[in-house]
Structures are given as structure tokens and as C-alpha cells.
Amino acid sequence: MLIVNPSYSGVSERMLSPSYWNDRAEPVSVGGRGGAWFVDADQGGMVLRMYRRGGVAARLSESRYLFTGWHRTRSYREFQVLSQLYQIGLPVPEPVAASACQSGLFYQAAILIRRIPDAVPLPEACELSKEAIWWEVGRTIRRFHDAGLDHVDLNCDNILVANGLVYVIDFDRCLFRKPGVEKRWTKRNLSRLYRSIEKRIDTVDITKPWQSLLAGYSKVAQS
């Protein structure tokens, strides 16, 4: 089962397997549970990600999920969320394709997206000591919340910085809810992010940067 962005012709299911790319694929070493590659495609740089479990569930099966229908697969649902975010102009990578391969009661899945040029995860950004980048992170998160996006895994490795611009990635299991910055889910997103920053970023005292982030978040986002 395969869904492809109409802007990309010639994309086949084989292209959602790392073995297809051979030496044109480079493993992503930061964030996630592994299973992601930077790929050098004819259409430009892309990122291929295979869906993998974490925690206790990974002991039973690292990459297989119970199949209950194509439209309920992790890859299809993330592709749809990402497409909607991209279409309304939020700073996300462009979706290229998503696939799911069923075997009996289970399936394995993958998604292919455009790579954001020069992007690095927030912990690796050279601007961490500058108030402006934290303000922009907060403003960007607010834009997503104003659109009703509940990012269930909003951690600092899912926030990218490229030439002073901020992007958000990895929308697996994310969903749209009724917008509102005082909603329980928005606070849960921010708490998740704070814990991640506290754990991953030890080069700066996060007290002032976090206040800058909240100041940016409190501003009404402009499209």
C-alpha cells in the first residue's frame, strides 16, 4: 500500500526501503529509535524513516504493528497530518510518500519526506546562547497549537533550526484537536518539551532561554 505526493512522479514502493538506496543512504544518528536515513534522491535530499516501537512493546516486535486497515496505519495517518500542515504553510518538511506492507495480521511501515537544507536538531544549533532563537521556537510552537496540532512527542530533537528558521518534524501519532492555548494537551506538549530540553541541552542554563520561549509562545502567531 502506497500513497505519493502528486508533485513527485516516479516514486515507487521500493524507494521506501533503505536497501534500494545502497550507498546513497546515510543513517541519521541523532534522535528517534534509529531506522532513519538521509537519502540522495534524484529529486533532491530526502529523509526515509521506518516506523519502530519503543519501550516494552519493542521487546515483542520492534517494527510490526497490528493491521486494522490502510487508513489506520501509522504511515498513512502521519502522511495526512503532515500534508495538511504543509498545505496551510506551517514550517514542516514536505511529505513525499508513505507505505505499509501487510503480512498476516501485522504490517511494517515507512515514510519519505523532503530534507530541510542545513537543518540541525535544536540541541546542536549554534544559536542556543541567543534569546532570539528561543523566542522563535516558542512562536513556532504557538503557530502549531493555534492550528490545533497536538504533537504527542514534542521533544528538542523534533525541533530543527536552519539558518535561523525553526521547523518541527516527526508527526507520528499526532492529531488535530480543538485549538486553544489553555487546553490540557497544549500544556502537556510544553511540559514534554521542557523535560527534553532539560535532559538534552547542558551547554546553557535553560532558565532564561525557557522564559524567552514562553514569551514567544505568548505572542499571537502570525501566518
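The values are calculated or read from the model by the stated rules, or taken from the named source; none is laboratory data. All values derive from a computational prediction rather than experimental measurement. Note that each Cβ is placed from the backbone with ideal geometry, even for glycine, and that neighbours are counted across all protein chains shown. Areas reflect the complete protein model, heavy atoms only, side chains present, ligands, DNA and RNA absent. Shrake-Rupley method; radii C 1.70, N 1.55, O 1.52, S 1.80 Å.
The table for this structure:
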read-out	value
Of all residues in region 1-33 being in contact with a strand residue (DSSP E or B) (Cβ under 6 Å, 6 or more places away or on another chain) and in a strand (DSSP E or B), the one that is most open to solvent (accessible area, probe 1.4 Å)	26
Subset of region 128-140 (residues that are out of contact with any helix residue (DSSP H, G or I) (no Cβ under 6 Å at 6 or more places or on another chain) and closer than 17 Å to residue 196 by Cβ)	128, 133, 140
Which listed residue, of 103, 129, 63, 75, is among the polar types (S, T, N, Q) and open to solvent by less than 10 Å² (accessible area, probe 1.4 Å)	75
Residues of region 78-100 satisfying the condition of being among the aliphatic types (A, V, I, L, M) and open to solvent by 50 Å² or more (accessible area, probe 1.4 Å)	88
Residues located in region 156-168, provided they are polar (S, T, N, Q) and either under 20 Å from residue 96 (Cβ atoms) or open to solvent by less than 20 Å² (accessible area, probe 1.4 Å) (or both)	158
Verdict on residue 88 being at pLDDT 95 or above and in contact with an Asp or Glu (Cβ under 7 Å, 6 or more places away or on another chain)	no
In region 169-213, the residues that are open to solvent by less than 80 Å² (accessible area, probe 1.4 Å), within 20 Å of residue 149 (Cα to Cα) and part of a helix (DSSP H, G or I)	185, 186, 189, 190, 191, 192, 193, 194, 196, 213
Residue 91 being closer than 24 Å to residue 212 by Cα and under 18 Å from the mean Cα position of the chain (by Cα)	yes
Residue count, region 89-137 (criterion: small (Gly, Ala, Ser) and farther than 30 Å from residue 19 by Cβ)	4
Hits in region 1-53 (condition: among the charged types (D, E, K, R) and over 24 Å from residue 70 (Cβ atoms))	23, 24, 26, 40, 42
